[in-house]
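> Once you've had a glance at the structure underneath, I'll fire off some questions.
The values are calculated or read from the model by the stated rules, or taken from the named source; none is laboratory data. Being a predicted model, the structure only gives us computed values, none of them experimental. Using ideal geometry, Cβ is built from the backbone for each residue, glycine included, and neighbour counts are taken over all protein chains shown. These accessible areas exclude ligands, DNA and RNA; they are computed on the full protein's heavy atoms, side chains included. Shrake-Rupley method; radii C 1.70, N 1.55, O 1.52, S 1.80 Å.
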Amino acid sequence: MSASSAVDYGALNISDVTSDDVNAKILRRLRDNDEHTLFDTLFVRDRPGAFGRAGNAYIIEDARSMGVLGHCLGRCTKVRELCLEGLGEFDVDVFGPLLRGLQNNQSIRKVFIFGGLHIPCGFSQMLAPFIRDSPSLDTFEVSGVQMDVEQYRSLSLALKAGNSLKRYCISGLSDGDRYDHEETIIDNIEALKMHPQLEELTYRRFSLGRNTCTALAGLLRQSAGMRRLTLSNNVIGDSGLEALVDALAHCGALRHLDLSRSPSIAVRGWRAVAALLEDPNSTLQQLNLRENGINDESATIIANALAPNSRLEQLYLDSNPNITSKGWVAFSTVLCDATSANSTFLSNHTLQCLESRRRWSLPLPRNLEISLRLNHDSVKKRVALTKILNHQDDIDMQPLFEWDLKVLPSVIQWCERAAYYWIESQECNRKRKLEAIYQFIRGMPNLTIHSILGLNTTSAQTRGMKRRHSLLWTP
């Protein structure tokens, strides 16, 4: 390794280090640093992709070609993203020259490491100086690879020395091979406290115990700009989820939370999630609970928590086959409580979907489907009124009389708008409009007569006319 580090890769002829035409073209573009011919993203792969090979995909050869690639990357100022795929086929002697050259790069903002089953021994240690020293790096993602304890520790040390990350994502190899070294994960979480600008965080395919979740809660309290938290495919228990809830409620910027594919969460954990949804400080707009084995009891707990919630727009509950019509009815009631006009007005008018793919494949009651569609309207007073017109058979118009007949055209228009979502027949809609007109005529006969005759009276005259003609309109 010391011998390779002494090589002057800048002095090597590109045609002497690679026989691959695409690789040679990539090296020349990097060396020339021409913004008109260079790409934003560079892929470094062990083999071409399944659908052919793009012009920005460098195929791994040997240490010399990787050394030249690292030298050119170190001097390049145009590449913004670096994707490394299939590292498991090579040892660190091949990647070492690339990583040493990469340490001089000042332009790369995003690094993605995918596939390869495992990362070569020593890889994290050699990548650490770049993570530590790069002024531009804001995204680091590792997915579908396996790292041992020492590699995690090296990565955590690098994270502690840096301060620029906004997005950090780390995923284990597979659902059946979750990483469960709690102290190592906690150390990794603690290292992220050095990155105050963190906005997106993902830990996937891990075993997250209460201590790990407590550490994560501490990080969330320090990350004022955290907008997205993904904890999917994890073994996370009820006690761990309870430790997170208080911190989640006080993340003022948090909009997206993913707890999908975590079937170890039971009723106690869903009560904690319900407490989060009920908290007036919660800013969540999207909550993913797919494939969690949620049943009717847990669904009802979650649904009832949405009654006072005016922030959550998307709740993904697809692939939870244990939710039956009983659970969906709970959501239907929360979105449109038809016991009274006031209850309907105070229902949830914010939630817009219950599945992630918008295919309407869930066995939802028709009333619930209509309420979800209505809630897409940004004018929530109009949503509430449409629901009232749909579900209340006898609406008292008397509270509107204080605005005289000026409000009657608006009432008719409300009925017309509601007709698009009318659950009953259009005949019911016509009868509802006639009933509203009748209540106004009966309640304000004097104004009705003057409107028909085209007269203009003062308020005092109007009151007098009402007294004189009241006997004519007495039922």
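> For a test of the definition: using alpha carbon positions, the gyration tensor, and the 1.5 limit on a/c, classify region 181-274 as rounded, prolate or oblate.
Taking the square roots of the gyration eigenvalues as a ≥ b ≥ c, region 181-274 is oblate.
> Related question: Roughly speaking, to the nearest percent, how much of region 77-197's 1.4 Å accessible area is carbon and sulfur?
Carbon and sulfur: 47 percent of the exposed surface of region 77-197.
> Per residue, how big is the convex hull around the C-alpha atoms of region 48-98? Give it to me in cubic angstrom, could you?
87
> Restricting the count to DSSP beta bridges whose residues both fall in region 99-248, what percent are antiparallel, rounded to a multiple of 5?
Bridges in region 99-248 that DSSP calls antiparallel: roughly 0 percent.
> If each of Gln197 and Lys326 carries a label point 7 Å out from its Cα toward its Cβ, how far apart are those two points in nm?
5.2
> Follow-up question, since we're still on this one. If Rh is defined by the Kirkwood formula over all Cα pairs and Rg also comes from Cα, what ratio Rg/Rh do you get for region 130-173?
0.97
> How high is the relative contact order of region 180-262, given as a whole-number percent (alpha carbon pairs under 8 Å, six or more residues apart)?
33
> Looking at region 1-111, what % of its DSSP beta bridges pair antiparallel, to the nearest 5?
10
> What is the sum of charges around Met66, taking Lys and Arg as +1, Asp and Glu as -1, for the other residues whose C-beta is under 11 Å from the C-beta of Met66?
Overall, the nearby charge balance is -1.
> Could you report region 285-326's accessible area per residue, 1.4 Å probe, as an integer in Å²?
That works out to 40 Å² for each residue.
> Right, another one. With every protein chain left in place, what is the accessible area per residue of region 84-152 in square angstrom, probe 1.4 Å?
35
> Taking 7 Å along the Cα-to-C-beta vector as the label spot, tell me the Ala54-Ser143 distance in nanometres, rounded to one decimal.
Label at Ala54, label at Ser143, 1.4 nm between them.
> Further, regarding this structure: Could you grab the relative contact order for region 230-309? Cα pairs under 8 Å, six or more apart, rounded to a whole percent.
Once divided by the residue count of region 230-309, the mean separation gives 36 percent.
> Now for a separate question. Work from the charge dipole of region 72-154 (Cβ charges, +1 for Lys and Arg, -1 for Asp and Glu, about the Cα centre) and give the residue of Asn104, Gly86, Thr139 farthest towards its positive end.
Positive-most Cα among the choices belongs to Asn104.
> Here's a follow-up. Which links in Lys78/Lys160; Lys326/Lys380; Lys25/Lys78; Lys166/Lys193 stretch past 21 Å when you go from one Cα to the other?
Over 21 Å Cα-Cα: Lys78/Lys160; Lys326/Lys380.
> Please report the relative contact order for region 56-106, taking Cα pairs under 8 Å with a sequence separation of at least 6, and give it as a percent rounded to a whole number.
With pairs under 8 Å counted, the relative contact order is 57 percent.
> By the gyration tensor of its Cα atoms, with a ≥ b ≥ c the square roots of the eigenvalues, what is the shape of region 5-49: rounded for a/c under 1.5, prolate for a/b over b/c, or oblate?
It comes out oblate by the Cα gyration axes.
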